[in-house]
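For reference, the structure discussed in these notes is given below.
The values are calculated or read from the model by the stated rules, or taken from the named source; none is laboratory data. Please read these numbers as outputs of a predicted model, since none were measured by experiment. Don't worry about glycine lacking a Cβ; one is built from the backbone with ideal geometry, like all the others, and counts go over all protein chains shown. Ligands, DNA and RNA are excluded from the accessible area calculation, which covers all protein heavy atoms including side chains. Shrake-Rupley method; radii C 1.70, N 1.55, O 1.52, S 1.80 Å.
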There are 2 protein chains.
Amino acid sequence: MRRLGDGVEAALHCALVLCWLEPGKVMPGKSLAEMHGLSESYLLKHMRALTEAGLVEALPGPRGGYRLARQPGEITLLDIVEAIDGKEPAFTCKEIRQRGPGKSKDPCAYRTDCFIKRRMLAAEELWRQSLRAQTLADLAQDGDALIDAESKKTIAAFVRDAQR
Amino acid sequence: MRRLGDGVEAALHCALVLCWLEPGKVMPGKSLAEMHGLSESYLLKHMRALTEAGLVEALPGPRGGYRLARQPGEITLLDIVEAIDGKEPAFTCKEIRQRGPGKSKDPCAYRTDCFIKRRMLAAEELWRQSLRAQTLADLAQDGDALIDAESKKTIAAFVRDAQR
């Protein structure tokens, strides 16, 4: 499989952090960047993509920042992946079957997808379904279960200080 | 998902055609290219990748050409995809979790994969499993069932004339 953009990792981490804000609060882009050791300009591009996809709200101004536009359980991992990397299928079909001497003269032959394309798209649909069945709430639960106590305290303190 | 290289489509079509050769015969690269309406130089790159992956044998010389290195039922769609597009995971993890103030001081914290990475890799493993469960024999069966009779005759005649 071709590699997803590295923005996917950054977007998932940022979206997870936004799950931890108190209701009504936002986190400035600068703090999100600092928290992940990333440059603000790098993150800006990806946060804009999440905002344009309607997953995140961006509040402007000096007290502005980002917050989730929906509940964590209503934002799937696929939502985030597609916001950053697009919804295009992975398999590129240029209709090779319609070229060369084997090309059909039957006008109905190309009404359905090529059987090669069908198998390739069905396979990637399994990937998509799996990401559609998981949400930010699952990531937040992972964080609860798997981040060690000391790091959790540091993160909580950072979020508390940074949120507005 | 990022797009797979368009060579994947070409490689799958070519591998399917090689299923139709008589035992012991090869098909010249020129004929494979003609059959798919593609340039020989474009195809050469992808046929080389299939050969290097051990899926196809390339016989040199004026009577040379390509044939499958294994039975169609022993070449999976994943074999072909990975020969063309590599085996790298799609999800790019740059260990963002180890950056910034939330970074763990626990020496054991990073012995296992990040929980975000685990979910992303598990999802793409479903795609991989699906392609691993399908072979060129399945494509050949699709062809039998779905290519119309006249096209089948044209293709069979082309293969018969081109094989060496």
(request) Read through the list (1) open to solvent by 70 Å² or more (accessible area, probe 1.4 Å); (2) part of a helix (DSSP H, G or I), then give the number of the only condition that B:G73 fails. (result) (1)
(request) Restrict the check to region A:46-56 and report whether at least one residue is more than 8 Å from chain B (Cβ to nearest Cβ), surrounded by fewer than 20 Cβ atoms within 10 Å (Cβ to Cβ) and of a type in the set (S, T, Y). (result) yes
(request) Starting from residues that are open to solvent by 10 Å² or more (accessible area, probe 1.4 Å) and facing another protein chain (nearest Cβ under 7 Å), keep the ones in region B:6-35 and report whichever is farthest from A:P101 (Cα to Cα). (result) B:D6
(request) Answer yes or no: is there a residue in region A:80-92 that is part of a loop (DSSP other than H, G, I, E, B), closer than 20 Å to B:V159 by Cα and of a type in the set (K, R). (result) no
(request) Would you check which residues across region B:155-164 are assigned to a helix (DSSP H, G or I) and surrounded by fewer than 19 Cβ atoms within 10 Å (Cβ to Cβ) and list them? (result) B:A156, B:A157, B:R160, B:D161
(message) For region A:108-142, give me each residue that is within 7 Å of chain B (Cβ to nearest Cβ) and of a type outside the set (A, V, I, L, M).
(response) A:F115, A:R119, A:E124, A:W127, A:S130, A:Q134, A:D142
(request) Filter region B:122-141 for residues that are surrounded by fewer than 16 Cβ atoms within 10 Å (Cβ to Cβ) and of a type outside the set (G, A, S) and give the result. (result) B:E125, B:Q129, B:Q141
(request) Name the single residue, out of those in region A:93-112 being outside any loop (DSSP other than H, G, I, E, B) and not aliphatic (A, V, I, L, M), that is surrounded by the most Cβ atoms within 10 Å (Cβ to Cβ). (result) A:R97
